[in-house]
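Take a look at the structure below.
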Amino acid sequence: MTTDLLTTAGQHTKKIDPELVRRCIEPGATTPEAMTISEAGRAIAREIVGDNGPEDGIRQRCVVATGDPAIKDLLVFSNDPVKAGIGAISAGATIYTDIRMVKTGIIKKGHECQIECVLDIEGAPKLAQKLGITRTSAGFLSAAQGLENSIVVIGNAPSAAITVSRMVEYGIRPVMVVAVPVGFVNAAESKEKIRKIDMPSIICTGTRGGTPVAVACINEMIIMSGKV
């Protein structure tokens with residue numbers, strides 16, 4: 001990196017709202033160039049989304065993560081999920097993810113939450129084979145009572161969202177669920193099942209979603225918890 005670029009990055013940072021800087025210096029943005037890129041992207045997202053509270057903060061991060069301004073209109077927040085999520089993070093709740101990519105993307109610093117991918121829960125592969133269900137569905141079933149008072153983050157598997165919705169109806173209740181599985185088969189339907197449950201949740205309507213959206217939602221809540 002050249003001296004001129006370092007100087008420019010430093011000057012650029014000083015011109016930006018300190019709160020925006022605080023939000024943007026977290027994960028990965030550890031060099032002046034990276035911070036400049038992160039800050040500039042977030043500033044653009046603020047213009048696209050607005051900045052009228054914590055839900056807009058999550059919308060902003062999702063817009064940055066996907067490069068898609070339209071994602072802001074697809075996110076649905078039900079039953080005050082941001083408050084529930086921040087409270088659970090502050091309390092050190094376990095975070096369960098559907099796939100390892102989502103687990104990998106979640107910020108590991110600034111909180112005491114254990115992060116578990118259900119694919120790695122003991123007994124899940126055998127249960128999937130025995131019942132003829134997806135590995136993610138088997139993983140959440142294997143987690144069973146561990147889902148109580150947890151945070152569930154689903155970014156890929158519609159079958160996992162359907163399974164979690166049925167587990168909640170059965171009486172197993174996470175604190176909140178982020179359900180943004182992507183695809184053309186059961187994705188939209190699975191998210192609607194989550195949305196209709198009387199439980200804090202964040203979903204995105206339709207076929208869009210995926211790991212970047214799921215990770216953006218949970219990471220923004222981790223930052224909002226005030227420990228990063």
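Of the residues G155, G139, which is surrounded by 21 or more Cβ atoms within 10 Å (Cβ to Cβ) and either among the aromatic types (F, W, Y) or in contact (Cβ under 8 Å) with a residue 60 or more places away in the chain (or both)?
Numbers: G139 fails: either among the aromatic types (F, W, Y) or in contact (Cβ under 8 Å) with a residue 60 or more places away in the chain (or both).
Only one candidate passes the filter, namely G155.
Looking only at the stretch 142-162, residues that are farther than 15 Å from R195 by Cβ, touching a Pro at 6+ places or on another chain (Cβ under 9 Å) and in a strand (DSSP E or B) come to 1 in all. The number of residues in the stretch 142-152 that are open to solvent by 10 Å² or more (accessible area, probe 1.4 Å) and without any contact (Cβ under 8 Å) to a residue 60 or more places away in the chain comes to 6.
Scanning the stretch 78-98 for residues that are open to solvent by 10 Å² or more (accessible area, probe 1.4 Å), in contact with a helix residue (DSSP H, G or I) (Cβ under 6 Å, 6 or more places away or on another chain) and either part of a helix (DSSP H, G or I) or on the phi > 0 side of the Ramachandran plot (or both) yields one hit, I86. Taking the stretch 203-228 as the range and being open to solvent by 10 Å² or more (accessible area, probe 1.4 Å), in contact with a Gly (Cβ under 9 Å, 6 or more places away or on another chain) and charged (D, E, K, R) as the test, only K227 passes.
For K130, are the conditions met, namely being touching a Lys or Arg at 6+ places or on another chain (Cβ under 9 Å) and open to solvent by 40 Å² or more (accessible area, probe 1.4 Å)? Taking the combined requirement at face value, the residue does not satisfy it. Within 23 Å of I106 (Cα to Cα), open to solvent by less than 20 Å² (accessible area, probe 1.4 Å) and either touching a strand residue (DSSP E or B) at 6+ places or on another chain (Cβ under 8 Å) or modelled with pLDDT of 95 or more (or both): does that describe P200? For P200, the condition - within 23 Å of I106 (Cα to Cα), open to solvent by less than 20 Å² (accessible area, probe 1.4 Å) and either touching a strand residue (DSSP E or B) at 6+ places or on another chain (Cβ under 8 Å) or modelled with pLDDT of 95 or more (or both) - is not met.
Does at least one position in the stretch 126-141 carry a residue that is at positive phi and out of contact with any strand residue (DSSP E or B) (no Cβ under 6 Å at 6 or more places or on another chain)? Before you say what the answer is, go through the steps one by one.
Restricting attention to the stretch 126-141, the residues satisfying the condition of being at positive phi are 132.
From the residues that got through so far, the ones that are out of contact with any strand residue (DSSP E or B) (no Cβ under 6 Å at 6 or more places or on another chain) too are 132.
Yes, some residue in the stretch 126-141 is at positive phi and out of contact with any strand residue (DSSP E or B) (no Cβ under 6 Å at 6 or more places or on another chain).
Which residues, taken from the stretch 71-85, are farther than 18 Å from M224 by Cβ and without any contact (Cβ under 8 Å) to a residue 60 or more places away in the chain? Across the stretch 71-85, the qualifying residue is only D73. One residue stands out in the stretch 111-132 among those that are of a type outside the set (D, E) and assigned to a loop (DSSP other than H, G, I, E, B): the one that is farthest from G92 (Cα to Cα), namely G132. Looking at this structure, is M167 surrounded by fewer than 24 Cβ atoms within 10 Å (Cβ to Cβ) and modelled with pLDDT under 95? The answer is yes for M167. Hey, can you tell me all the residues within the stretch 178-208 that are part of a loop (DSSP other than H, G, I, E, B) and of a type in the set (A, V, I, L, M)? Scanning the stretch 178-208 gives V180, V182, V185, I197, M199.
Just checking, how many residues over the stretch 152-175 are closer than 17 Å to K103 by Cβ and of a type in the set (A, V, I, L, M)? Outline the logic, then answer.
Quick first cut of the stretch 152-175, residues closer than 17 Å to K103 by Cβ only: 152-157, 160-161, 164, 174.
With the extra rule that they be of a type in the set (A, V, I, L, M), the set shrinks to 152-154, 157, 160-161, 164.
Residues that pass the stated criteria total 7.
Close contacts from the stretch 111-126, counting a first residue that is without any contact (Cβ under 8 Å) to a residue 24 or more places away in the chain and a second that is of a type in the set (D, E), with Cβ to Cβ under 9 Å and a gap of 6+ residues or different chains, come to C117/D98; L119/D98.
Of the residues I218, I172, the single one that is touching a residue at least 24 places away in the same chain (Cβ under 8 Å) and either in a helix (DSSP H, G or I) or under 15 Å from the mean Cα position of the chain (by Cα) (or both) is I218.
The values are calculated or read from the model by the stated rules, or taken from the named source; none is laboratory data. Everything numeric in this text was worked out from a predicted model, so none of it was measured. All Cβ positions, even for glycine, are placed from backbone atoms using ideal geometry, and neighbour counts span all protein chains on display. Just so you know, the surface numbers come from the protein's heavy atoms only, side chains and all, with ligands and any DNA or RNA stripped out. Shrake-Rupley method; radii C 1.70, N 1.55, O 1.52, S 1.80 Å.
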